[in-house]
1. With respect to the numbered conditions (1) farther than 12 Å from TRP103 by Cβ; (2) modelled with pLDDT of 95 or more; (3) outside any strand (DSSP E or B); (4) open to solvent by less than 60 Å² (accessible area, probe 1.4 Å), which one is the sole condition not fulfilled by ALA19?
2. For segment 71-86, check the following and say yes or no: at least one residue is closer than 16 Å to PRO113 by Cα and surrounded by fewer than 21 Cβ atoms within 10 Å (Cβ to Cβ).
3. Scan segment 104-113 for residues that are open to solvent by 50 Å² or more (accessible area, probe 1.4 Å), part of a loop (DSSP other than H, G, I, E, B) and touching a residue at least 40 places away in the same chain (Cβ under 8 Å) and report the count.
4. Give segment 32-71 a look and list any residue that's hydrophobic (A, V, I, L, M, F, W, C) and closer than 17 Å to ASP87 by Cβ, or say none.
5. What is the number of the single condition among (1) within 14 Å of the chain's Cα centre (by Cα); (2) farther than 17 Å from THR41 by Cβ that GLY89 does not meet?
6. Would you call SER101 farther than 10 Å from LEU33 by Cβ and either buried (at least 19 other Cβ atoms within 10 Å of the Cβ) or free of Cβ contacts under 8 Å to residues at least 40 places away in the same chain (or both)?
7. Out of everything in segment 27-56 that is among the acidic types (Asp, Glu) and in a helix (DSSP H, G or I), what residue ends up being nearest to ASN76 (Cα to Cα)?
8. What are the residues in segment 29-58 that are loosely packed, with under 15 Cβ neighbours inside 10 Å and not charged (D, E, K, R), if any?
Amino acid sequence: ASAQAPAVNSGDTATLDEARRLHESGAAVLIDLREPDEHATGVAAGARLLPLSQLGRRAGEIARDRPVLLICNTQNRSRRAHQALKDAGWTNLRYVQGGMSEWARRGWPMVKP
């Protein structure tokens, strides 16, 4: 096993590089689960904003027919949301390792929502 192997099932996660590539190519929907005050600091262009606090009542807005990537600030909330959505029947989704804090640290493009 590689020292860099994730501690979770890799089928449940996407690396930040992979997430950016899939999102920017249109191959996956990127859902930013951070709260509005966090969105104000900047989001990935084209990301869908769905605060985790609203997930319970807005889960139906999440596509079931195409790949979905869940992202938050560090991956704690996205990992929880991923499990909740899987438990509710979603199958084509993963959460992004590193989150928006790592996206920003890398200096990748962000826009104000």
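The values are calculated or read from the model by the stated rules, or taken from the named source; none is laboratory data. Small disclaimer: the values here were computed from a predicted structure and weren't measured. Because the Cβ atoms are built from the backbone with ideal geometry, glycine has one as well, and the counts that use them run over all protein chains shown. Please note that ligands, DNA and RNA were not included when accessible areas were found on the heavy atoms of the full protein model with its side chains. Shrake-Rupley method; radii C 1.70, N 1.55, O 1.52, S 1.80 Å.
1. Tallying (1) farther than 12 Å from TRP103 by Cβ; (2) modelled with pLDDT of 95 or more; (3) outside any strand (DSSP E or B); (4) open to solvent by less than 60 Å² (accessible area, probe 1.4 Å), ALA19 fails exactly one: (1).
2. For segment 71-86, residues closer than 16 Å to PRO113 by Cα and surrounded by fewer than 21 Cβ atoms within 10 Å (Cβ to Cβ): present.
3. Number satisfying all stated conditions: 5.
4. Hits for segment 32-71 are LEU33, LEU52, LEU55, ALA59, ILE62, VAL68, LEU70.
5. Result: GLY89 passes all but (1).
6. yes
7. GLU38
8. Within segment 29-58, PRO36, ALA40, THR41, ALA45, GLY46, SER53, GLN54, GLY56 meet the criteria.
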